[in-house]
Amino acid sequence: MQNYNLLEIFLHDLLLSNKFIKKSLYEIEKILFLKKNDKIINEKHIFITGLPRSGTTALLYFLYNTNQFTSLTYENMPFIMAPNLFSKIKKKKIFDKKERLHKDGIFYDVKSPEALDEVFFSTYEENDLYEELKNYLDLILLNKEKKRYLSKNNLNYKRIHIINKIFPLSRFLITFREPLQHAFSLYNQHINFKKIQSKNNFVKRYMNYLGHNEFGLDHKSWYSPKNYQNFSCLNYWIEQWIIFYQNILDKHKNNKSCLFIKYESFQNIEYKKDLLKILGLNYDLKLEQKLNNKEVNIDYDKNLYLFASDLYSKLNSLSFLK
């Protein structure tokens, strides 16, 4: 996004900022391509969610590389609402793999999957999803010629119950990470993207279009802060971690469709093998991820962290492999 030309920037602003245009493109797409495949309801789709910086992208790439799923990719940008229509008439420019702006060792190209379906979710009201989500996934699967959909969307924690009703055989992979390291990573990315967005306003707009308000100038809290409102304070991010995962536990600890994935274990090949076995997948495994921990060199509330650590232990007890 940082290297887009003026035409590309114009198209992104035009097609992603206006709800009427998004809906219009989607309606044209349905008229031309929708086949109403009822079998899609009973496929074992996978939805990855959790706080950012907990390994969601690494998990997405890992599962996508099994070649048994369809995901939206950078090839679909900015025509997210009409994946088939514009795949017929446009050619996405090819570029070598490059590192994300996060500077976290994850590289991507136009074929890489990405969290893009929030463009769709932000276009429709909750009541519309019961019909339109089936249609939208049907269109994506048609475009990529697969039967199972794989999504990484950090905001899907808000709609697990809806997706669960629509696709009862789907699984929700909820990632979690040691709270101090996790909060520190969120804090550092917040600082990183504030600097980037201050220099490049299109990066800010682009992230807003995709619902990426996890950090940066337009950061939005996942839940209303209780004691810490300052985004530049590590305690704010620790508290958000606590509120987020406490809500996840309260709502989904007994949901058999939810599988809790531990970031610290995901570099372990045996852990990955067990995950693939549970999901009914085969894959030639490679060690693809290393822990990205850093020394925490700023002050934080030790009692708040102890509370978070206790919650982390509860999440760990639900992980399929401790």
* Asked: Taking into account only those residues within region 16-66 that are charged (D, E, K, R) and in a loop (DSSP other than H, G, I, E, B), which is farthest from residue 131 (Cα to Cα)?
  -> 53
* Run residue 223 past the list (1) more than 14 Å from residue 176 (Cα to Cα); (2) crowded, with 17+ Cβ neighbours inside 10 Å; (3) not β-branched (Val, Ile, Thr) and report the number of the one that doesn't hold. => (2)
* Structure fact -> Within region 94-144, residues more than 20 Å from residue 16 (Cβ to Cβ), in contact with a strand residue (DSSP E or B) (Cβ under 8 Å, 6 or more places away or on another chain) and acidic (Asp, Glu) come out as 99, 109
* Please determine, by comparing only the residues of region 35-58 that are at pLDDT 95 or above and among the aliphatic types (A, V, I, L, M), which one is nearest to residue 188 (Cα to Cα). => 51
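Given the residues 140, 40, which is the only one that is within 20 Å of the chain's Cα centre (by Cα) and in contact (Cβ under 8 Å) with a residue 60 or more places away in the chain? Outline the logic, then answer.
On the way: 40 fails: within 20 Å of the chain's Cα centre (by Cα).
Result of the check over 140, 40: 140.
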* To do: Of the numbered conditions (1) more than 14 Å from the chain's Cα centre (by Cα); (2) in a helix (DSSP H, G or I), residue 159 fails exactly one; give the number of that condition.
  => (1)
* To do: Return a yes/no flag: does region 278-293 have any residue that is of a type in the set (D, E, K, R) and in contact with a Phe, Trp or Tyr (Cβ under 8 Å, 6 or more places away or on another chain).
  => yes
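Condition check ((1) surrounded by fewer than 20 Cβ atoms within 10 Å (Cβ to Cβ); (2) polar (S, T, N, Q)) across all residues:
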{"position": "4", "(1), (2)": "yes, no"}
{"position": "43", "(1), (2)": "yes, no"}
{"position": "48", "(1), (2)": "no, no"}
{"position": "53", "(1), (2)": "no, no"}
{"position": "58", "(1), (2)": "no, no"}
{"position": "87", "(1), (2)": "yes, yes"}
{"position": "103", "(1), (2)": "yes, no"}
{"position": "109", "(1), (2)": "yes, no"}
* To do: Could you grab me the full set of residues in region 67-83 that are without any contact (Cβ under 8 Å) to a residue 40 or more places away in the chain and in a loop (DSSP other than H, G, I, E, B)?
  => 67
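The values are calculated or read from the model by the stated rules, or taken from the named source; none is laboratory data. Keep in mind that this is a model prediction, so the values were computed, not measured. Methodologically, a virtual Cβ is constructed for each residue, glycine included, from the backbone with ideal geometry; neighbour enumeration extends over all protein chains shown.
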